[in-house]
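Accompanying notes for the structure given below.
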Amino acid sequence: MSNVVLRDVKKTYPGGVDAIKGIDFEVGDGQFCVLVGPSGCGKSTLLRMVAGLETITSGEIDIGGRVVNQIEPADRDIAMVFQNYALYPHMSVYNNMAYGLRNRGMPKPEIDVRVREAAQILEITPMLDRKPRQLSGGQRQRVAMGRAIVRQPKVFLFDEPLSNLDAKLRVAMRVEIRKLQRRLKTTSIYVTHDQMEAMTLADILVVMNGGQVEQIGKPLDIYKKPATTFVASFIGAPPMNLLSVAANDLGGTLDALQIKAPGDATLGIRPEDFALAGAAAPQGLMLELMVDAIERVGAETYVYGTRPRANGGPTVSARPGELPPGEIIVRLPGEAAPAIGERIKVSALRDKLHLFSPDGRSRIGD
Ligand SMILES: Nc1ncnc2c1ncn2[C@@H]1O[C@H](COP(=O)(O)OP(=O)(O)O)[C@@H](O)[C@H]1O
Ligand SMILES: [Mg+2]
């Protein structure tokens with residue numbers, strides 16, 4: 001068993017930065033866990049504490065049934081892959097992969113078997129004699145992975161390993177990492193700020209913000225039922241539309257839909273949950289929008305619209321960090337072509353609507 005358990009883990013850096021404010025979660029044996037959140041939220045700090053590269057201020061980290069708080073990194077049976085690859089420039093690819101095993105005194109023939117096997121899995125056998133500078137970014141990334149694989153550790157730790165690659169290669173390597181992990185079945189914790197990477201890689205997703213966990217769950221469960229407005233706007237792109245509403249706002253539409261907001265609330269609708277409203281009887285929430293801007297990206301069209309003021313009344317106001325008053329993003333099929341300045345009607349089904357407390361910290365209604 002090589003699960004990883006974090007119990008009320010906290011980190012205060014010297015100087016008083018509370019980087020991690022009390023985090024609990026468990027990664028099951030063989031699971032792929034992704035920590036996702038904006039830059040500075042504490043992802044690397046948490047991963048480095050699991051690796052033993054940072055001390056733990058309080059709480060407990062348990063790997064495979066053993067509390068490792070006081071155990072040296074080399075004795076934790078983990079292997080880490082860093083964003084900058086951290087390869088030795090003067091060593092060949094072969095030696096970069098063999099180095100850690102030699103340091104442990106492993107017999108040469110066994111090292112050779114492990115290095116060649118990893119090279120084969122990663123398709124870098126023809127490059128074993130090259131130096132890192134003779135490799136492309138993607139190939140260097142494979143060598144860094146290879147160095148982790150040969151260790152046959154209980155746990156892989158990845159800190160934004162694809163961030164230095166161009167967009168196309170990032171997608172290709174993402175798929176490879178997932179295939180590799182399925183094959184090796186090694187418990188993994190993977191850090192990224194990229195929600196798409198997080199959604200596609202994770203068995204279990206931990207969304208972090210400001211040194212705390214916002215939500216833990218399966219990626220699609222989090223997408224379908226974000227627990228807070230932070231999660232709602234971080235997971236999914238373009239982000240969920242968030243509007244501050246009074247219970248009787250939107251011309252009584254919420255009442256008509258039998259959505260009971262206990263006073264003011266925040267209403268959330270994902271851009272992809274809107275459709276152009278046809279002539280048929282309106283279903284769900286209907287909004288009229290004045291088209292401000294259009295982005296056509298081929299398979300889909302993003303429409304940026306503003307809700308016209310009703311009877312000269314105020315538009316719904318947004319809080320800092322949310323959409324400007326009344327602005328809505330709608331995702332339509334690629335062939336949809338409204339014109340700028342046009343008024344369009346869009347609708348979203350009732351079960352696609354999300355309701356949060358006014359401060360966005362909790363989900364209401366389900
Ligand atoms: N060695 C350090 N000393 C003091 N503060 C640090 C140190 N490393 C990181 N921090 C702070 O801790 C917080 C979390 O950083 P980090 O874990 O690197 O975030 P992330 O990886 O999510 O971008 C940030 O506010 C950062 O400035
Ligand atoms: Mg980081």
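Only the coordinates and a few stated rules stand behind these numbers; no lab work does. The shown structure was predicted, so the numbers you read here are calculated from the model rather than taken from an experiment. Positions of Cβ are generated from backbone atoms using ideal geometry, with glycine treated the same way; all protein chains shown enter the neighbour counts.
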The chain, Rg to Rh (Cα coordinates; Rh as Kirkwood inverse mean 1/r): 1.07
Can you put Tyr223, Tyr88 in order, fewest other beta carbons within 10 Å first? Tyr88, Tyr223
Any chance you could check the Cα centroid distance between the range 207-245 and the range 150-169 for me, in angstrom? 24
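In the neighborhood of Phe234, defined by Cβ-to-Cβ distances under 12 Å, what is the net charge if each Lys or Arg adds +1 and each Asp or Glu adds -1? Please report the intermediate quantities before stating the final value.
On the way: positive: none; negative: Asp194, Glu214.
Combined, the nearby Lys, Arg, Asp and Glu give -2.
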quick note, the range 4-229, DSSP beta bridge pairs, % antiparallel (nearest 5) is 50
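What relative contact order, as a whole-number percentage, does the chain give when Cα pairs under 8 Å and 6 or more residues apart are counted?
16
Looking at the P(r) of the range 1-48, how many percent of alpha-carbon pairs lie beyond 13 Å?
62
Quick check on my link table: of Lys154/Lys179; Lys185/Lys352; Lys43/Lys185; Lys179/Lys225; Lys21/Lys179; Lys43/Lys224, which ones sit more than 29 Å apart, alpha carbon to alpha carbon?
Numbers: Lys154/Lys179 18 Å; Lys185/Lys352 36 Å; Lys43/Lys185 23 Å; Lys179/Lys225 27 Å; Lys21/Lys179 34 Å; Lys43/Lys224 24 Å.
Going by Cα-Cα distance, Lys185/Lys352; Lys21/Lys179 fall outside the 29 Å limit.
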By the scheme Lys and Arg +1, Asp and Glu -1, what is the net charge of all other residues having a beta-carbon under 12 Å from that of Thr301? -2
